[in-house]
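Worksheet for the structure shown next.
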Amino acid sequence: MKTGVLDMDIGDILEEDLIELDMSAATKDEAIKNLAALLYQKGNVTDKEAFIQDVYLREAEGQTGLGSGIAIPHGKSDAVSVTSIAVGRTKKDLAWESLDDLPVHVVILFAVRNVDKTTIHLKLLSQVAAALADDDVLERLLHTDDKAEVIRLLSNKM
Amino acid sequence: MNIIGITACTAGIAHTYIAKEKLVKAAQARGHWAKIETQGTIGVEDELTAEDVAKADVVIIAADIGVRGKERFEGKKIVEVATSIVIKSPNVLLDKLEEKLGK
């Protein structure tokens with residue numbers, strides 16, 4: 001089911017330079033730091049450390065591993081200037097608190113502005129989340145080598 | 001059967017919407033009608049109407065926090081679970097409901 005997002009462009013929150021399909025991270029912490037660094041370089045996060053802290057605040061509230069090798073950590077933070085998503089994939093098994101207790105390979109980090117209420121960006125995030133309800137999407141995310149396909153998969157438009 | 005429900009998670013950013021999609025997809029695949037209201041950071045979406053409630057056989061509340069507007073479901077069969085249950089195994093939950101309600 002589509003979420004009724006008509007005129008919005010997923011490209012507003014997800015760009016190819018925020019996707020890394022061959023990340024060297026070997027731990028959850030390294031993965032989060034790598035992706036936070038991408039967001040920082042892009043200018044979407046203004047304070048890397050503060051953002052990472054807020055991501056861990058959310059981690060403390062409950063598991064963000066969805067199962068099937070995918071995790072969706074998210075930080076709602078004053079350190080975020082542009083609500084956006086960074087995606088990283090690792091060859092190595094990342095130990096992560098997950099619904100199926102299996103290791104994670106794809107990390108989809110949501111960076112959310114604290115002041116964003118009822119904006120288009122939050123709507124787009126919910127659209128990406130909805131895309132993750134599809135097992136085929138999860139499976140493709142684990143294997144595709146095409147960043148454009150990652151964006152397509154997460155845009156919930158098949 | 002006719003299923004309505006509400007999803008809501010702590011941050012209201014991701015799990016709320018994944019849980020909704022999982023539930024709707026699984027229900028539709030099994031031939032049920034389903035409408036799920038989300039209560040997230042962007043507010044309430046797909047709000048359940050009095051009509052929706054009237055025709056519902058069961059209400060599924062998949063939430064990690066308190067949800068608003070439960071009084072709408074007075075007299076209805078209500079199942080309350082965490083969002084993780086719906087995200088992990090929506091079909092197990094629906095199996096149980098079908099068995100219990102015989103529909």
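Along its principal axes, chain A has C-alpha extents of 37, 36, 28 angstrom, given from the largest down. Starting from the 7 Å offset along Cα-to-Cβ, what nm value, one decimal, do you get for the label separation of A:Lys33 and A:Ala50? Taking the two extended label points, one gets 2.1 nm. Local charge for A:Thr46 was computed over the other residues whose Cβ lies under 13 Å away, with Lys and Arg +1 and Asp and Glu -1, and equals -1. In order along region A:102-108, the Karplus-derived 3J(HN,Hα) couplings, from 6.51 cos²θ - 1.76 cosθ + 1.60 at θ = phi - 60°, round to 9, x, 9, 10, 10, 10, 10 Hz, and Gly and Pro are given as x.
For region A:127-142, putting each phi into the Karplus relation 6.51 cos²θ - 1.76 cosθ + 1.60 with θ = phi - 60° gives couplings of 5, 4, 4, 4, 4, 6, 7, 9, 4, 5, 5, 4, 4, 5, 4, 6 Hz, in residue order, rounded to whole numbers and with x for Gly and Pro.
For region A:10-154, the relative contact order works out to 27 percent when only alpha carbon pairs closer than 8 Å and six or more residues apart are counted.
From the largest down, region A:46-125 spans 35, 25, 23 angstrom on the principal axes of its Cα atoms. Here region B:2-101 is treated as a Stokes sphere of Kirkwood radius computed over C-alpha pairs; at 37 °C and 0.692 mPa s its diffusion coefficient rounds to 250 µm²/s.
Each reported figure results from applying straightforward, stated rules to the coordinates on display, with no laboratory input. Bear in mind that the values here come from a model prediction, so they are computed numbers and not experimental data. Cβ coordinates were reconstructed from backbone atoms using ideal geometry, including for glycine residues, and neighbour counts include every protein chain displayed.
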